[in-house]
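What follows is a single structure, written as structure tokens, with notes after it.
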Amino acid sequence: MKKSVSLLLAGLMLCGALAGCGGNDSYGAGETSTDDAASTGASGAITVISREDGSGTRSAFVELTGVEDDNGDNTTAEAEIANKTDVVLTSVAGNESAIGYVSLGSLNGTVKAIQVDGVDATVENVKSGDYTLSRPFNIATKGEPTGVAKDFINFILSADGQAIVEEEGYIKVNDAAEAFTSDGSEGQIAVGGSSSVSPVMEKLIEAYKAVNPKAQIDLQTSDSTSGMTGAMDGTFAIGMASRELKDEEAAELTGTAIALDGIAVVVNPASSIENLTMDQIKGIYTGEITDWADVAA
């Protein structure tokens, strides 16, 4: 009997000692676990989300932030690569330690757009030039467009088309545009390229087909480089790029700006980060800054 009681007491003392140590799930006053610190967005390893090679958004982002220099694109090898705008949004929305960048017009409530150098990512600030992360949305054709392609481009640049650009959260490029009248062109064409331009292009196609139901336009979404390549080889009557045309592209294609767009730097809504300087963004994307504690205010 005495032996049984002694064993019971020893077991109770052991349990008490373990409770006092706290294990992995108990912290004293003022202590925080590594996981909890990371979940605030103020400390812990940064998950860098970038776009794929060929993305116009990536091309503009690395140029504007200084991630690209004379030696090329220096995006950290640790970055997770997303091949579409929607993938960036989903990745950042699902990871409290993540940072990414997307078209301003693609923002939704699943992520938080932060300030850059103390300036909000808004259409008004892009228009004024106060928000410096911005780029054009371009379309390109090989030679002079004809038929449905010509009529559709005229619609995009008309007052009707530019109104849709504004309605979708982008900045119109033609304030003096006149109302559109279709020439009634018939036939089928393909438009393809940038996943950043694709959402507003889809709305433009929908509105144009309501005006000219004889036209058939197929939209194919990929990236800016594929859009320009497709326009050059005839796969697309109209290619889309969310950046300026490269010299070798401009030598073969005619580019036309249809809108101006900002690039929003986004974090998870749970993150405490509200503002980053351009230098901090560059440091994060080149891998020089790897922990949120090094940028938290």
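The values are calculated or read from the model by the stated rules, or taken from the named source; none is laboratory data. Treat the numbers as computed from the prediction; the structure is a model and nothing was measured. For neighbour counting, all protein chains shown are included, and Cβ atoms are generated from backbone atoms with ideal geometry for every residue, glycine included.
Points to keep in mind about this one:
- Those residues of the stretch 147-204 which are surrounded by fewer than 24 Cβ atoms within 10 Å (Cβ to Cβ), touching a strand residue (DSSP E or B) at 6+ places or on another chain (Cβ under 9 Å) and among the aromatic types (F, W, Y), in sequence order: none
- Taken over the stretch 212-222, the residue count meeting the criterion of being part of a loop (DSSP other than H, G, I, E, B) and in contact with a helix residue (DSSP H, G or I) (Cβ under 7 Å, 6 or more places away or on another chain) is 1.
- Top-ranked residue of the stretch 54-74 - restricted to ones that are in a helix (DSSP H, G or I) and among the hydroxyl-bearing types (S, T, Y), ranked as surrounded by the most Cβ atoms within 10 Å (Cβ to Cβ): T57
- Only a single item in (1) closer than 30 Å to G239 by Cα; (2) surrounded by fewer than 17 Cβ atoms within 10 Å (Cβ to Cβ); (3) modelled with pLDDT of 95 or more is not met by E78, and it is number (1).
- The sole residue among D233, D261 that is among the acidic types (D, E) and crowded, with 22+ Cβ neighbours inside 10 Å is D261.
- Screening the stretch 271-297 for residues that are among the hydrophobic types (A, V, I, L, M, F, W, C) and not in a helix (DSSP H, G or I) and picking the one that is surrounded by the fewest Cβ atoms within 10 Å (Cβ to Cβ) gives A297.
- Residue in the stretch 134-156 that is closer than 20 Å to E63 by Cβ, touching a helix residue (DSSP H, G or I) at 6+ places or on another chain (Cβ under 8 Å) and among the hydroxyl-bearing types (S, T, Y) present: yes
- Checked against (1) in contact (Cβ under 8 Å) with a residue 40 or more places away in the chain; (2) part of a helix (DSSP H, G or I); (3) under 28 Å from L107 (Cα atoms), K209 meets all criteria but (1).
- Close pairs from the stretch 230-257: first under 22 Å from N154 (Cβ atoms) and assigned to a helix (DSSP H, G or I), partner modelled with pLDDT of 95 or more and among the β-branched types (V, I, T), Cβ under 7 Å, at least 6 apart: A231/T141; A231/I238
- Residues (over 19 Å from S198 (Cβ atoms), part of a loop (DSSP other than H, G, I, E, B) and modelled with pLDDT of 95 or more) located in the stretch 87-121: G94, N95, E96, S97, I114, D117, G118, D120, A121
- The number of residues in the stretch 122-147 that are assigned to a helix (DSSP H, G or I) and not polar (S, T, N, Q) comes to 5.
- Of all the listed residues (A159, A215, A251), the sole one being closer than 26 Å to S59 by Cα and over 26 Å from the mean Cα position of the chain (by Cα) is A251.
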